[in-house]
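K.L.:
If you scroll down you'll find the structure; I have some questions about it.
The values are calculated or read from the model by the stated rules, or taken from the named source; none is laboratory data. Keep in mind that what you see is a predicted model, and the values were worked out from it rather than measured. We place every Cβ from the backbone using ideal geometry, glycine too, and count neighbours over all the protein chains shown. The protein model used for the area step is the full one, side chains on, heavy atoms only, and it has no ligands, DNA or RNA in it. Shrake-Rupley method; radii C 1.70, N 1.55, O 1.52, S 1.80 Å.
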Amino acid sequence: MEKIPMTSAGHTALEAELKNLKSVERPTIIKAIAEARELGDLSENAEYHSAREKQSFIEGRVKELEGILSLADVIDPAKLSGSVKFGAKVTLVDEDTDEEKTWQIVGEHEANVEAGLLNIKSPIARALIGKDEGDSVEVRTPGGVRGYEILAIAYG
């Protein structure tokens, strides 16, 4: 299997989610299933079916997180420099609207556009990789081609 790049913050967040699922959510749902069983007939017991469905989701997410974490390749952006690569914080200006945005290029499991964390597999991130400050890039988006100029690149 291919390694999954991620920052240490992303790795820590996934570990915290896994720990919460195993130590808080899993015991809570097991207790809920036991209480629902005590109510009698399971065929028409909505609480039981709901709890079993939630248990299935939790177990699936635990397996998914364990798989991701086992393949994690934690990269420390503070040790990097130069052109845009994984972990870079890139400040861009939209050449059409003059709107400035700062994105950090991260792994797909930690990406969050609202928080400024851009998936390395996204069109914008792929266009930025290998570029330097002052370079212009064209990005094909669902809304058409957008032009951006790289104002700054920072690591750490």
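K.L.:
Would you calculate a helix-derived [θ] at 222 nm for the chain, using -39,500 (n - 2.57) for each DSSP H run of n ≥ 4 and dividing by the full residue count, to the nearest 500?
P.N.:
One gets -11500 deg cm²/dmol as the mean residue ellipticity at 222 nm.
K.L.:
Now for a different question. Is the shape of region 39-110 rounded, prolate or oblate, going by the alpha carbon gyration tensor and its root eigenvalues a ≥ b ≥ c, with a/c under 1.5 for rounded and a/b larger than b/c for prolate?
P.N.:
oblate
K.L.:
Tell me which residues come under 5 Å, amide H to amide H, from Leu118 once H is placed; ignore anything under 5 positions away on its chain.
P.N.:
Here the answer is Gln104, Ile105, Val106, Asn112, since their amide H atoms fall under 5 Å of that of Leu118.
K.L.:
Give, rounded to the nearest 20 debye, the magnitude of the charge dipole that region 91-140 has about its Cα centre when Lys and Arg contribute +1 at Cβ and Asp and Glu contribute -1 at Cβ.
P.N.:
It works out to roughly 380 debye.
K.L.:
Tell me, in nm to one decimal, what length is gained between Val145 and Ser8 on full extension, where the rule is 0.36 nm per residue of separation less the Cα-Cα distance?
P.N.:
Taking 0.36 nm per residue and subtracting the Cα distance, the gain is 46.0 nm.
K.L.:
For region 83-156, with all protein chains present and a 1.4 Å probe, just round the carbon and sulfur fraction of the accessible area to a whole percent.
P.N.:
Whole-percent figure for carbon plus sulfur exposure: 45.
K.L.:
While we're here: If you take the Cα Rg of region 90-156 and divide it by 2.2 N^0.38 Å, with N the number of residues, what do you get?
P.N.:
That ratio works out to 1.03.
K.L.:
Let me ask something additional. I'd like to check one number: the per residue accessible area of the chain, probe 1.4 Å, reported in Å² as a whole number.
P.N.:
61 Å²
K.L.:
Largest first, please: the extent of the C-alpha atoms of region 1-121 along each principal axis, to the nearest Å.
P.N.:
65, 34, 23
K.L.:
Counting DSSP beta bridges with both partners in the chain, what percentage is antiparallel, nearest 5?
P.N.:
75 percent
K.L.:
For the pairs Lys101/Lys121; Lys63/Lys101; Lys54/Lys85; Lys3/Lys89; Lys63/Lys121, flag any whose C-alpha to C-alpha distance is greater than 27 Å.
P.N.:
Pairs exceeding 27 Å: Lys63/Lys101; Lys54/Lys85.
K.L.:
Roughly speaking, what is the stretch gain from Arg126 to Thr28, that is 0.36 nm per residue apart minus the C-alpha to C-alpha distance, in nm to one decimal?
P.N.:
31.1 nm
K.L.:
For region 1-52, what is the convex hull volume of its Cα atoms per residue in Å³?
P.N.:
Each residue corresponds to 102 Å³ of Cα convex hull volume.
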